[in-house]
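Enquirer: Just dropping this structure here.
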Amino acid sequence: MTITITETDLAAMVRNIVEAVHPEQVILFGSLARGGATEESEIDLLIVEQEGFTGRSRWRELQTIRQAISNFRISKDILLYSRDEVARWRNSLNHVVGHALREGRSLYERP
């Protein structure tokens, strides 16, 4: 059985994330992005922020994001990286960022 998450649901999640942390980009990847999600699947999101995490807590930022989308009752795997970190791992064949960029689809890009 496949999970049913609508584009409207995804758009609402992204809206909540954007309002909460103002990311540079939100990318959906994994089985849902590939069209092979099952009822055991989770939503895999790569969230890219402009600034690095020196002087601020990545964990707190993740907690803010999780709180913003907590009303969506599906398991979520959220990865949070800075723009510089994403650039560093973009072409890696072994890093999850490289996989997310190759197989994922952008749900939001800051204008």
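Enquirer: Using the Cβ atoms and a cut-off under 10 Å, what net charge is assigned to the surroundings of Leu80, where Lys and Arg are +1 and Asp and Glu are -1?
Expert: Charge balance near Leu80 sits at -2.
Enquirer: I would also like to ask the following. Mean 1/r over all different Cα pairs, inverted: what Kirkwood radius does the stretch 25-91 give, in Å?
Expert: 13.1 Å is the Kirkwood radius here.
Enquirer: May I ask you to sort His99, His22 by Cβ crowding, counting other Cβ atoms within 10 Å and putting the fewest first?
Expert: His22, His99
Enquirer: Sketch the reach of a paramagnetic label on His95 as a point 7 Å from Cα along Cα-to-Cβ, and name the residues of the stretch 56-85 whose backbone nitrogen lies under 15 Å away.
Expert: Backbone N within reach: 79-85.
None of the figures in this text is laboratory data; all of them are computed from the coordinates on show. Keep in mind that what you see is a predicted model, and the values were worked out from it rather than measured. FYI the Cβ positions are ideal-geometry reconstructions off the backbone, even for glycines, and counts take in every protein chain you see.
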